[in-house]
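The values are calculated or read from the model by the stated rules, or taken from the named source; none is laboratory data. Just so we're clear, the structure is a prediction, and the values are computed from it rather than from any experiment. Every residue, glycine among them, receives a Cβ derived from its backbone with ideal geometry; neighbour counts consider all protein chains shown.
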Amino acid sequence: VGVLTGYSVVDLSILVQGPQASSMLHDLGADVVKVELPEVGDLGRWLTVAVDDDRSPYVEANNRGKRSVALDLRTQGGKRALFKLVEKADVLIHNFVPGTAEEWGINYDDFLEINPQLIYAAGSTFGPEGPNSRREGADMVGQAEGGIVSVTGHDDGHPTIVGSVISDHLGAQNMITGILAALLHRERTGEGQRIDVSLVGSAIYAQSSEMTYTMLSGKAPGRPNNNHPILRGLVHRCHTSDGYIYLLGVQEHLWNDFARCIGREDLIDDKRFATLVLEPHNMETLRDILDEIFPTRTTDEWEERMRTWGQRYGRVKTYDEVVTDETNLANGYVVEVDHPEYGAISVVGNPIRLSATPTETAVVAPALGQHTEEVLLEAGFTWEDIEQLRADGAY
């Protein structure tokens, strides 16, 4: 039994921000009904692995265990069915283009009469206020407008996006936090409320230390060239003979052991590095030295030396290495499940471990409209009602 067992979620969202938030709620035990446009569905269904493979990583990753209902919310019948679902729902999630919910009559205020305890979570790119509030966007817009792109890449090259839809994921995590906080508030007071979470706001919050540096100093950090824009101490990407290792925060009190680790004890008393943290202008010289040393050994060999000398480092792993890593498997970050169609497959597990109410990783994402009749019957519709909805073009 999950911590949210007995709670119900109506998810109108698409792609990542909203679907990942509701997916996490499902992992915590909630029943999630995914409402999709008939014949089209979540836009993520069209982002498939290959032209001849209809599996979508966006749908499989963010919609496992949900029930799919096909409803055209632009029709009176579809809207009536949605209101019936929301009557008893605890949470509604959407990330419509700004203005769409108001235009369709499914904004927060529209549901207050039938369900004043509803938690209504709206995702957007820029947030509900300000001159950009009605602009349409997506993850890369959130990364760019939220400053992430400006600090990613090399200072002698072009700014670049992160290789994941990171602002979407950050937006999803903040949406989950808001929903859980609102549910706790409702338990205490009986009040529902509206939640607004944006991609840009989430990107800014995730960089709060770096943003604060700018606000305190008046300087934008720029692209750090494989360093960290504000951390002091050695942070460097080291190219081994067969891969990469990132060094993290080699500071003065760790310097002697680090010099021994890399086989350069002569550097221990080198005055250029005696105050490594206080004199960062010597850092480039040190990086040049490291760039000569690290290609002389394999990543495995360097990893063994780093562990022996107690150094902080990270092995740069590709996705195929991450999903087969022994530690990741042991912690359930990647789990093997039995898919009814594809057999044994690996999926990303929930990173949260709860001792009393463990999370559960579902296996299958629903087909478009797979549970329409089942969910409508549960909501109180008769078969005659359902046939009328079909005749009216609601699904």
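Brief remarks on what is shown
- Conditions (1) in a helix (DSSP H, G or I); (2) without any contact (Cβ under 8 Å) to a residue 24 or more places away in the chain; number of the one not met by GLU113: (1)
- Residue check for VAL141: out of contact with any strand residue (DSSP E or B) (no Cβ under 7 Å at 6 or more places or on another chain), over 12 Å from VAL200 (Cβ atoms) and touching a residue at least 40 places away in the same chain (Cβ under 8 Å): no
- Checklist (1) under 24 Å from the mean Cα position of the chain (by Cα); (2) at pLDDT 85 or above; (3) on the phi > 0 side of the Ramachandran plot; (4) not aromatic (Phe, Trp, Tyr) applied to ASN226, failing item: (2)
- Any hit, the range 378-386, residues being surrounded by fewer than 14 Cβ atoms within 10 Å (Cβ to Cβ) and not in a loop (DSSP other than H, G, I, E, B): yes
- Filter result for ALA21 (crowded, with 18+ Cβ neighbours inside 10 Å, outside any loop (DSSP other than H, G, I, E, B) and either at positive phi or without any contact (Cβ under 8 Å) to a residue 40 or more places away in the chain (or both)): no
- Lone qualifier among ASN331, ASN350 - being farther than 18 Å from PRO57 by Cα and not basic (Lys, Arg): ASN331
- Test: residue in the range 43-52 that is basic (Lys, Arg), in contact (Cβ under 8 Å) with a residue 60 or more places away in the chain and in contact with a strand residue (DSSP E or B) (Cβ under 6 Å, 6 or more places away or on another chain): no
- Number of positions in the range 35-63 that are at negative phi, out of contact with any helix residue (DSSP H, G or I) (no Cβ under 7 Å at 6 or more places or on another chain) and not aliphatic (A, V, I, L, M): 10
- Helices (runs of 4 or more DSSP H) lying entirely in the range 35-106 (those with 1 or more residues that are more than 19 Å from ILE119 (Cα to Cα) and within 26 Å of the chain's Cα centre (by Cα)): 57-62
- Hits in the range 303-323 - residues which are free of Cβ contacts under 8 Å to residues at least 60 places away in the same chain, of a type in the set (Lys, Arg), surrounded by 15 or more Cβ atoms within 10 Å (Cβ to Cβ) and within 26 Å of GLU265 (Cα to Cα): ARG305
- If you go through the range 324-353 and pick out every residue that is among the polar types (S, T, N, Q), surrounded by 11 or more Cβ atoms within 10 Å (Cβ to Cβ) and modelled with pLDDT of 95 or more, you end up with 3.
- Taking the range 239-345 and the strands (runs of 3 or more DSSP E) fully enclosed by it, the elements with 2 or more residues that are under 34 Å from the mean Cα position of the chain (by Cα) and of a type in the set (A, V, I, L, M) are at 244-250, 334-339.
- Qualifying residue in the range 178-191 (condition: closer than 16 Å to VAL97 by Cβ and surrounded by fewer than 19 Cβ atoms within 10 Å (Cβ to Cβ)): no
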